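Everything on this sheet refers to the single structure shown next.
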Amino acid sequence: MSTPAQWLREFEAACRGCDFDAGRRCFAADAVAFGTFARAVSGLDNIEREQWRQVWPRTRNFTVEPPVIGEGGDIAWVAASWSSDATAPDGGDFKREGRATFVLARREGVWQCVHSHVSMLPSQSTTVHGRPAPATGR
């Protein structure tokens, strides 16, 4: 994992393969995560138990779109859209789409995620949010 882009591809492969050990190698032990399933969790053991093990076994074809990556010294961030196929509680298939942000820290020469936020796209329902106000020419 010598670059943030390589880190992302390795994490994507861990998700696709439901490979929890590979996912753990991508994250710091003291990481904090916000997820599609877990609201907020601290510590790698909790992230794996409360987020990954709830989602990854029901996920197929997890794909990260080309990311935007920023890097400065021993800190980097990755922002990207993602998609996957998933199994609903009734056993049916459906498409999931979302976005992710990862904060990486280079520790002892290795990029590790110290914070992740992976979530599904927000609802655009006008029933829930109402119609957006017209743009003003400020």
*List the residues whose amide H sits under 5 Å from the amide H of ARG96, counting only those 5 or more places along or on another chain, with H placed 1.01 Å from N in the peptide plane.*
SER84, ASP85, ALA86
*Please report, in cubic angstrom per residue, the volume enclosed by the convex hull of the alpha-carbon atoms of the stretch 4-122.*
94 Å³
_Could you list LEU104, LEU8, LEU44, LEU121 so that the one with the fewest beta carbons within 10 Å of its beta carbon is first and the one with the most is last?_
LEU121, LEU44, LEU8, LEU104
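How would ILE47, ILE75, ILE69 line up from fewest to most surrounding beta-carbon atoms within 10 angstrom? If you can, show how the numbers build up before the last one.
Working: ILE47 23, ILE75 14, ILE69 17.
Taking fewest neighbouring Cβ atoms as first place, the list is ILE75, ILE69, ILE47.
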*If you line up the long axis of helix 4-16 against the longest principal axis of the chain, both from Cα atoms, how many degrees apart are they, to the nearest 10?*
70 degrees
*Using only alpha carbon pairs under 8 Å that are at least six residues apart, calculate the relative contact order of the chain and give it in whole percent.*
23 percent
*Using the alpha-carbon centroid of each, what span in Å lies between the stretch 1-73 and the stretch 81-96?*
18 Å
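Assuming 0.36 nm per residue, please report the length gained on full extension of the stretch VAL110 to GLN54 beyond their Cα-Cα distance. Don't skip to the answer; put the middle values down first.
Working: separation 56, 0.36 × 56 = 20.16 nm, distance 2.72 nm.
Extending this stretch completely gives an extra 17.4 nm.
Computed from the coordinates by the stated procedures, all read-outs in this text should not be read as laboratory data. Computed from a predicted structure; not experimentally measured. Here the Cβ is made from the backbone with ideal geometry for all residues, glycine too, and neighbour counts use every protein chain on show.
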